[in-house]
Ligand code: C2E
Ligand code: MG
Ligand code: MG
Ligand code: MG
């Protein structure tokens, strides 16, 4: 009887699966089209120096403004782009859009040479030698200093990677761009790796600070992670800061930089001048 039920269950779900598949392939077609006709946009979220409240840079976060479905978030369409073989095209679009945006902010006198734009790159980008060329080209065509561009790579992408990836990391590093490990603490947490990788900073995943301000054991954990990261010769950025209390605790523990809804949600580029101006008026607002 249980076998029959199993078959029944399969049968019952099949139309749903077909529908999902049809929706997915429609979305893939839409994504393919939108890469051509400019339906993607970048939002930017400030990264803040905890001691002063200065905005030291912004992270570019891609959004898809779908004609009928409204805004679609990257967690939904990045995996789709990966599967459909569109991720390289998407990655190149993001890279170019973000670095050109930085150029515009520099030209407008809004940011100085310490300000950086952080760009999320996929494992596929990392595996592509073409991507290194793309980075080189966009730096050349914009004249942006390489230190002002920081590439964020997930821990999973790096640790799963092979020798070629490490070669690519070295190649990217050779261009002078910054490299940061994203979502640190969620993947393999391979500490021995951390010491050997040609990276500058880690961005600690927000899951490591969610209990900060409520769970009394959490500050000790944050302190330990910070110590570990620094023992590896790196610096940490803390993401997912949602309350003043969390910001204050991190600052008190000696953390340097953070990002999160407390400081600002990701915003369209048009709102960045306003955020930069607010920062200039009260440089120690977080301090
Ligand atoms: P991520 O790189 O770790 O980016 C941080 C995510 O956390 C963003 O979600 C951001 O909006 C969100 N976030 C920021 N502050 C807070 C906070 O205080 N609380 C909470 N709960 N969340 C916060 P988003 O924009 O939906 O992006 C999700 C992920 O999609 C990113 O995670 C990144 O892995 C990926 N992604 C985004 N843009 C790109 C892109 O251009 N290329 C690639 N390959 N991946 C991207
Ligand atoms: Mg990121
Ligand atoms: Mg992250
Ligand atoms: Mg993430």
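Rule-based calculations on the coordinates, nothing more; no lab input. Computed from a predicted structure; not experimentally measured. In this analysis, Cβ positions are derived from the backbone assuming ideal geometry, glycine residues included, and neighbour counts consider all displayed protein chains.
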Practice task
Report Rg (one decimal) and Dmax (nearest whole number) for region 48-159, counting Cα atoms only, units Å.
Solution key: 15.1, 44
Completion exercise
Between residue 112 and residue 68, the two model label points (7 Å from Cα along the beta-carbon direction) sit apart by a distance in nm of 5.1
Exercise for the section: Give the percent of DSSP beta bridges with both residues in the chain that are antiparallel, rounded to the nearest 5. Expected result: 40
Practice task
Calculate, for residue 147 and residue 235, the FRET efficiency according to 1/(1 + (r/R0)^6) with r their C-beta to C-beta distance and R0 25 Å; round to the nearest 0.05.
Solution key: 0.95
Practice task
When a/c is below 1.5 the answer is rounded, else prolate if a/b is larger than b/c, else oblate, so apply that to region 86-132 with a ≥ b ≥ c taken from the square roots of the Cα gyration tensor eigenvalues.
Solution key: prolate
Problem - Highest-MSF residue in the chain out of 122, 88, 192 [GNM, Cα springs under 10 Å] - result: 192
Exercise for the section: Return the single residue from 172, 253, 92 with maximal mean-square fluctuation; model: Gaussian network over the chain, springs between Cα atoms under 10 Å. Expected result: 253
Exercise for the section: Mind ranking 224-233, 16-25 by how tightly packed they are, going by the mean number of other C-beta atoms within 10 angstrom, highest first? Expected result: 224-233, 16-25
Completion exercise
Taking the alpha-carbon centre of each part, the distance from region 253-270 to region 169-188 in Å is 20
Practice task
Sort 64, 238, 105 so that the residue with the fewest other Cβ atoms within 10 Å of its own Cβ comes first and the one with the most comes last.
Solution key: 105, 64, 238
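At a 10 Å Cβ-Cβ cut-off, how would you order 154, 68, fewest neighbours first?
Ascending Cβ contact count within 10 Å gives the list 68, 154.
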Exercise for the section: Take every Cα pair under 8 Å in the chain that's 6+ residues apart, average their separations, divide by the length, and report that relative contact order as a whole percent. Expected result: 20
Exercise for the section: For the chain, with a Gaussian network of springs between Cα atoms less than 10 Å apart, report the residue from 91, 174, 53 with the top mean-square fluctuation. Expected result: 174
Practice task
Give, in whole angstrom and from largest to smallest, the semi-axes √(5λ) of the equivalent ellipsoid of region 172-287, with λ running over the eigenvalues of the Cα gyration tensor.
Solution key: 25, 20, 12
Problem - Helix-derived mean residue ellipticity, 222 nm - over the chain, DSSP H n ≥ 4, -39500 (n - 2.57), to 500 - result: -15500 deg cm²/dmol
Problem - Over region 90-232: Rg over Rh, Cα atoms, Kirkwood Rh - result: 1.01
Exercise for the section: Jot down the radius of gyration and Dmax of the chain, Cα atoms only, both in angstrom. Expected result: 20.8, 74
Exercise for the section: Determine the distance separating the Cα centre of region 89-154 from the Cα centre of region 192-215; give it in Å without decimals. Expected result: 23
Problem - Using a Förster distance of 35 Å, the FRET efficiency for residue 195-residue 41 (Cβ separation, nearest 0.05) - result: 0.40
